[in-house]
Amino acid sequence: MDFSHIDFNRIVAGMIRAARLDKDFYEEVEHDTSYSQDALIVVLVVSLIGALGTFFSTLFAGNILQAVIAFVFRAVMGVAAYYLWVYVAQYIGTRFFKGTGDFGEVQRAFGFAYAPQVLNILAAIPCVGWLIGIATWLWSIATGFIAIRQSLDQDDTNAALTVAISALVVFFVTALIGGLVGGLGLVGAQIVGSIQ
């Protein structure tokens, strides 16, 4: 990825418009291929911020090794889940719910729909972090709905069905991967504990 031509002002302005549910912005992003790299940068930044929130909340619980592992896992899974969700939503939306957008259009719009998740850095705040997480999640569903509707040129019903079904698929796949990684982490911790 070439970072020399990145316009961070354009990215931040786009994130703000996306978070405000500006459907004209989602239309603009859908049709302008120059936003592809910007959308990926939004996802990378949001994934790293979410990973930092997870890192700090795990660190406050007193386990440095688990905090580092949680950071890496959350950062990688944030980006992987984004690509999986774009692929699944584009496939389901075009095959079953009258969508017409291609992968690039969905990728760009959906990348900016991740903008509210910047608030996940606040998830480490004791007592209220979980409330912030729920608010961020709900806000992200709204931006994701607008992104899918605009990028696949669907009506509200078909967009809602596309978002709901693709979200369930992504949830189950990421939960399965998380369970496998968590299980491997427990085995690894037991091995390390038995060596010491």
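Please check: in the Gaussian network model of the chain (C-alpha springs, under 10 Å), which one of ILE121, ILE11, ILE64 has the largest mean-square fluctuation.
ILE64
Determine the sum of side-chain charges near GLY101: Lys and Arg each +1, Asp and Glu each -1, restricted to other residues whose C-beta is under 15 angstrom from that of GLY101.
Here the charged neighbours net out to -3.
If each of VAL79 and ILE141 carries a label point 7 Å out from its Cα toward its Cβ, how far apart are those two points in nm?
About 2.9 nm, to one decimal.
Determine the distance separating the Cα centre of the range 104-148 from the Cα centre of the range 31-56; give it in Å without decimals.
11 Å
Efficiency by 1/(1 + (r/R0)^6): what FRET value for CYS127 and ILE16, r their Cβ-Cβ distance, R0 = 35 Å, to the nearest 0.05?
E(calc), rounded to 0.05, equals 0.80.
Once the Cα atoms of the range 8-195 are picked out, what are the Rg and Dmax in Å?
So, for the range 8-195, Rg and Dmax equal 17.5, 59 Å respectively.
What does the helix-only formula give at 222 nm for the chain: each DSSP H stretch with n ≥ 4 adding -39500 (n - 2.57), the total divided by the residues, and the result rounded to the nearest 500 deg cm²/dmol?
-27000 deg cm²/dmol
With each label point set 7 Å from Cα along the Cα-Cβ vector, what nm distance links LEU176 and ASP102?
3.0 nm
So, counting K/R as plus one and D/E as minus one, what does the shell of residues with Cβ under 13 Å around TYR114 add up to?
After counting each charged neighbour, the total is 0.
Percent relative contact order of the range 76-163, based on C-alpha pairs within less than 8 angstrom and at least six residues apart?
The value is 36 percent.
About the Cα centre, and with charges only on the beta carbon of Lys, Arg (+1) and Asp, Glu (-1), how big is the dipole of the chain? Nearest 20 debye, please.
Roughly 640 debye, rounded to the nearest 20.
How much of the pair distance distribution for the range 96-177 lies past 14 Å, counting alpha-carbon pairs only, in percent?
67 percent
Given an 8 Å cut-off on Cα distances and at least 6 residues of separation, report the relative contact order of the chain as a percent.
It comes to 26 percent, rounded to a whole number.
Just name one of VAL163, ALA75, MET15: the one whose Cα is farthest towards the positive end of the charge dipole of the chain (beta-carbon charges, Lys/Arg +1, Asp/Glu -1).
ALA75
Given the C-alpha atoms of the range 4-59, compute the convex hull and give its volume per residue in Å³.
Spread over its residues, the Cα hull of the range 4-59 gives 88 Å³ apiece.
Values quoted throughout were computed directly from the atomic coordinates according to the rules given, and no laboratory measurement underlies them. Computed from a prediction, not measured in an experiment: that's the story for all the values here. All Cβ positions, even for glycine, are placed from backbone atoms using ideal geometry, and neighbour counts span all protein chains on display.
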